Amino acid sequence: MRVIKQYSPGKLVFGPGCASNLVTDVSGRELKRIFLITAPVLRNVIDPIMDTLKTAGISIEIDDSIVDEPTFDTLGDCLEKAASYEANGVIGIGGGSVLDVAKAVAGLHGGSQKIREVIGNGLLTGRSTYLACLPTTSGTGSEISPNAIFADESDNLKKAIISSFIVPDTVFVDPVLTASVPPHITAACGIDALSHCMEAFTNKFAHPLIDGYAYKGMSLIGKSLRRAVKDGNDIQARTDVALGSMLGGMCLGPVNTTAVHALAYPLQGEFKKSHGLSISVMLSHVMDFNIEANVEKYALVAEALGVELSKNTRAMANQSVVAACQLSIDCGVPQTLSEIGIPSDAIDELARQAMTVTRLLDNNPREINESDARKIFERAY
């Protein structure tokens, strides 16, 4: 069994309404200059939170420029703003893109390292700036993971800053903050969270400690994502999916994802498709390729997704693909590359780019080469 490292935030608060506790956390640390990173569509969500912070005498500079999945140039711009403001704390309120930027800004703010020096695993040397994260979507699990993902515009590839130093000091997972997320985003984010759990659970380096998080996360999302998509104000469903997403985030540091994410990344870099949508399109196709490498685990995936138990383990494993695909369909998520506008003549380049994501392909339960990747993209078309 491989040794793993599980990094957790200094304080984790979960439950409907818990975001109101942010002011107590910030005030208790005597922080007076907060750089808040968010997205413009979230102003109605953050305004009540900001009012309580300002009432407590805390100065806030808001950067709401995160409108797309972030690039390293995005990160550089935010870092300059935080330095100009002389922030002594960073708060991220938003989806995975916002939180990834907030984590990296806090990690680099006030230090001597440059962005290009910390791309990779374990290269950040420390963090002196307070960091709090409040997710407003249930998908990436970024609030609790040591990963921050950015698009590198020099080669259209996704790259990661991975470090224990960007795990936040405080995390507030408040399902109420996700209530206004539109159905199509709720759906795509939920399938992304499911994929985090499933890929960790079936990973070549799966670990019993993480399996518990992953299985529970799959169960919660499989049970409640349809309801959360149908009715955004179903707080119990939102709570289940938020917890499933958070548990998926807890899988990302010690075990991480596999070929689903590796094959989805080129769709985001080359064609600017959203992360959740890209994952949703590729999930069942990669699962189908991987089953033979870990039949027992995929049978348990089916069980977690509510498939009726069968004594035929291979039949159960096959049903995991059917169940995952049906969940996506029920939530209105596209299932093929053609549906999202990817041309068939792009498949060779997609396969080539996917093979560069070795940090994730190395985790895949079944060895995958460029020819395999091409065939998976063809099936996904």
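The values are calculated or read from the model by the stated rules, or taken from the named source; none is laboratory data. A quick note: this is a predicted structure, and the numbers were derived from the prediction, not measured. Virtual Cβ from ideal backbone geometry, glycine too; neighbours counted across all protein chains shown.
Key figures
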item	result
Close pairs (9 angstrom Cβ cut-off, 6 or more residues apart or separate chains): more than 20 Å from V176 (Cα to Cα) in the stretch 186-205, among the acidic types (D, E) and buried (at least 24 other Cβ atoms within 10 Å of the Cβ) anywhere	none
Single match in L157, L194 (criterion: surrounded by 21 or more Cβ atoms within 10 Å (Cβ to Cβ) and either in contact with a Gly (Cβ under 7 Å, 6 or more places away or on another chain) or under 20 Å from E69 (Cβ atoms) (or both))	L194
Options V26, V3, V101; residue that is surrounded by fewer than 17 Cβ atoms within 10 Å (Cβ to Cβ) and either of a type in the set (A, V, I, L, M, F, W, C) or outside the structural domain of N156 (by TED's automatic domain parsing) (or both)	V3
Hits in the stretch 119-149 (condition: more than 27 Å from I58 (Cβ to Cβ), surrounded by fewer than 22 Cβ atoms within 10 Å (Cβ to Cβ) and not hydroxyl-bearing (S, T, Y))	I119, G120, N121, G122, L123
Residues (out of contact with any Ser or Thr (no Cβ under 9 Å at 6 or more places or on another chain) and not aromatic (F, W, Y)) located in the stretch 286-314	D288, E292, E308, L309, S310, K311, N312, T313, R314
Selection status of S112, assigned to a loop (DSSP other than H, G, I, E, B), surrounded by fewer than 17 Cβ atoms within 10 Å (Cβ to Cβ) and not basic (K, R)	yes
Breaking point among (1) touching a residue at least 24 places away in the same chain (Cβ under 8 Å); (2) assigned to a helix (DSSP H, G or I); (3) over 16 Å from A151 (Cα atoms), for A102	(3)
So I46, is it of a type outside the set (S, T, Y), at pLDDT below 95 and in the same structural domain as A104 (by TED's automatic domain parsing)	yes
H207 crowded, with 24+ Cβ neighbours inside 10 Å, over 16 Å from D330 (Cβ atoms) and either out of contact with any helix residue (DSSP H, G or I) (no Cβ under 6 Å at 6 or more places or on another chain) or not assigned by TED's automatic domain parsing to the domain that holds M50 (or both)	no
Given (1) in a helix (DSSP H, G or I); (2) within 24 Å of L134 (Cα to Cα); (3) over 13 Å from the mean Cα position of the chain (by Cα), number of the condition E270 does not satisfy	(2)
